[in-house]
1. So what is the calculated 222 nm ellipticity per residue for chain B, using -39500 (n - 2.57) for each DSSP H run with n of 4 or more, over all residues, to the nearest 500 deg cm²/dmol?
2. Taking 0.36 nm per intervening residue step and subtracting the Cα-Cα distance, what contour gain separates B:LYS191 from B:GLU20 on full extension?
3. Rounded to the nearest 20 debye, what is the charge dipole size of segment B:3-110 about its Cα centre when +1 sits on each Lys and Arg Cβ and -1 on each Asp and Glu Cβ?
4. Mind sorting B:SER172, A:SER23, B:SER130, B:SER145 by how few other Cβ atoms lie within 10 Å of their own Cβ, fewest first?
5. Modelling each spin label as a point 7 Å along the Cα-to-Cβ direction, I'd like the A:GLN103/A:VAL140 distance in nm, to one decimal.
6. Please list, by residue number, everything in segment B:182-220 whose backbone N is under 19 Å from a paramagnetic label point 7 Å out along Cα→Cβ of A:THR3.
7. Obtain the radius of gyration and the Kirkwood radius of chain A from its C-alpha atoms and give Rg over Rh.
8. Starting from segment B:22-75, pick out the GluC sites (Glu not before Pro) whose DSSP state is loop and whose Cβ has at most 15 other Cβ atoms within 10 Å.
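Every read-out reported here was derived from the displayed coordinates using simple, explicitly stated rules and does not represent laboratory data. Since the structure is predicted, the reported quantities are computational estimates derived from the model, not experimental observations. We place every Cβ from the backbone using ideal geometry, glycine too, and count neighbours over all the protein chains shown.
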Amino acid sequence: MITSPSASARTGPCPGWLWLNSSIGKKTVVAVTGIALVAFVIGHLLGNFTIFLGPDAINAYGAKLQSLGPLLWVIRLALLGILVAHIYFTMKLWQENNAARPQKYLASNPVGTTVFARTMRLSGLIVLAFVIFHLAHFTVRVVDTSYATMHTMLDGHEVHDVYKMVVTGFSSGPVVFIYIIGLFLLTFHLSHGLSSLFQTFGITNRRIRQNYETAGRVLAWALYVGYISIPVSIYFFGLGKGVLQ
Amino acid sequence: MNFHLKVWRQKDTNAPGTLEEYEAENIPAGASFLEMLDIVNAGLTRKNIEPIQFDSDCREGICGTCSLTINGIPHGKGRGTTCQLYMRKFQDGETITIEPFRADAFPVQRDLVTNRSAFDRVIQAGGYISERTGSAPDANSVPISKVIADQAMDAAACIGCGACAAACPNGSAMLFVSAKVTHLGLLPQGKPEKNRRVLSMVRQMDEEGFGNCSNYYACEAVCPAGVPAAFIGRMNREFTAASVKEMLGMSV
Ligand code: HEM
Ligand code: SF4
Ligand code: FES
């Protein structure tokens, strides 16, 4: 008989802990935290698009976020926790997977897999470096400290001039280059990540899997186009040049 | 046909192995890959060289005993087992690299022979139905819809060869385990135990040191039985659902 003690007689490790330490549990945590990060990436892009509505729109958006006060910190810490969990579990999986296949084939022939899938750890770690740069650049503003002193008037209040900061930031060739590459690696990561989510959750079947994969790749590349549209518009098409005078 | 072989030779589990080179000469195009190795071995025996050790049993593609990673692909190019791979699929004069199935849970015993009993222990953990379900004629008295029967049959096609784990860059056995879990869990005879089966089998799989699935789908690409990777998705869902029942204190 496949033994399983009745619920009342069960002893030993807690079932939640067993799940979290199982192969499937860990991979599900990666997928859940991944989807939360994707939700943030989509929301962040929609917020950033306010730059195309002019200085007042994005400055009002920035001021609104700042006015959240403690709530903003709750959101930031939650995102940090999610990111840390995502990285912790992927690195744990990485370590276990290396141990499960210590010897590679001498005549290596990767069948079935895609380059996006095989480079998840590398693309993920480069994305991490990019996220740190991005926070240092526009959130902590240590890459160029003059950003912190940019202020403007909005509806009679003095607010941080996000518009001028972004336009100044993306007027630098090297910075635009870093964003184009960093975002490209994020797209690489999401090209496999988004197409593999539903397989991990098991909301799939033979016929539908192909559609999920296509949809995931399309969304990943759509996010890329959306994100780079901002530095590209500023650097190559002179968006907001007026504020720099 | 003539081939230039590079074959993995290893004395025992703990000895280091190397690739040795051999010539396979005058091989009929209709010979299977294993028959080609038989011919080479006959030649080696005549020269007093220890023949190349490899696994085989039925030689008709149904038992799952033959293995071999041929030019980096478990069971070689194309759908089917190594015993069903014919030399006419190769170019005359081609160099062919032959390695054992690689996975930490499948230790090499000698040359190309690996110990795949980890799979047997996964089956022992729950890959069966505990109650007697009757003899063959009784099967017809249980109505099963065509859709379910077809799906269970596709899962039951798994011959337990281990190519999925050998192809996976993570050494994950999830295609095999998902095939068993799906096959038994879909049918009315196996359904009552489906929760505890998926829990025990997945836990045993983890215990044996198989890796975690990263949705690479190399398994699906090499599986000689065409087991689809969507069954892994199914197993993920069933495992988490069974775990939640367990967490809530329900009997599984
Ligand atoms: C910052 C450092 C990051 C690292 C080191 C990292 C690493 C990884 C790795 C290794 C995997 C594959 C796990 C596996 O199946 O073996 C993965 C999956 C995934 N990642 Fe990341 N990642 C990072 C950031 C992100 C970000 C910022 C997002 C979203 C915007 C994201 C979204 C995803 C998604 C959706 C998956 C797929 C989950 C699945 O397989 O079902 N990751 N990540
Ligand atoms: S799922 Fe396919 S590759 Fe894996 S053991 Fe079964 S038949 Fe072999
Ligand atoms: S020897 Fe039985 S399947 Fe190949």
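1. It comes out at -11000 deg cm²/dmol, rounded to the nearest 500.
2. 56.6 nm
3. My answer is approximately 140 debye.
4. B:SER145, B:SER130, A:SER23, B:SER172
5. Those two pseudo-labels are separated by 4.6 nm.
6. The answer is B:193-208, whose backbone nitrogens lie closer than 19 Å to the label point.
7. 1.06
8. B:GLU25, B:GLU60
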